[in-house]
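I have placed the structure first, in the form of structure tokens, so that the comments after it can refer back to it.
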Amino acid sequence: MNIKKTLYLLLFASLAISCGGKKTLLDEERTFPNTVWNRFTPQVYTVDVQQPDTYYNIDLEVVVDTARMRGTQLPLTVNLYSPDNERRMFYSGIEFIQNGRWKGEAAENPGQRVLHQTIRSFFSFNRKGEHRLEIGQATSQYDLDGVHSLKVTISEAELDYKDL
């Protein structure tokens with residue numbers, strides 16, 4: 001009888017652990033050839049949404065070559081197309097410098113910094129199915145020199161009720 005109870009407890013614990021994690025819809029990194037992002041070449045991602053009424057965060061990780069980057073920020077245009085081609089658009093950006101110093105952590109390569117930023121919190125998709133996400137750099141430069149890579153992560157948002 002004790003072995004049976006122990007097995008049930010182990011089964012329940014493993015189910016709770018496997019079902020308790022955040023769901024990630026997208027976790028994809030792109031590297032730019034020659035560390036240059038062309039203004040008219042947006043990064044396009046495919047997102048398969050099965051739970052449209054769930055809240056998600058859209059996070060970016062950008063690796064920047066500090067010696068080649070001339071600007072202090074990276075303005076972005078974000079377009080999201082639903083399965084029936086409805087477009088939702090917003091602007092965002094990443095600040096590279098704060099109080100005269102580069103933000104982020106040092107990357108593996110000398111002179112590069114890794115910057116993380118949530119560009120949209122508690123975002124929900126309005127339809128089930130395959131969505132297309134396009135992220136473009138919105139600087140006035142045709143080619144933006146100094147962007148090594150861009151990583152996009154869309155994961156389920158954690159609701160925090162502790163301060164209510």
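When nucleic acids and ligands are ignored and a 1.4 Å probe is applied, Glu156 ends up with an accessible area of around 60 Å².
Of Tyr81, Tyr45, Tyr55, the residue with the largest accessible area leads and the full order is Tyr55, Tyr81, Tyr45 (1.4 Å probe). A 1.4 Å probe, protein heavy atoms only, puts the accessible area of Phe122 near 100 Å². Note on Arg68: accessible area approximately 80 square angstrom, rounded to 10, probe 1.4 Å, nucleic acids and ligands left out.
The values are calculated or read from the model by the stated rules, or taken from the named source; none is laboratory data. This one's a predicted model, so the numbers in the text were calculated from it and none came from an experiment. Areas reflect the complete protein model, heavy atoms only, side chains present, ligands, DNA and RNA absent. Shrake-Rupley method; radii C 1.70, N 1.55, O 1.52, S 1.80 Å.
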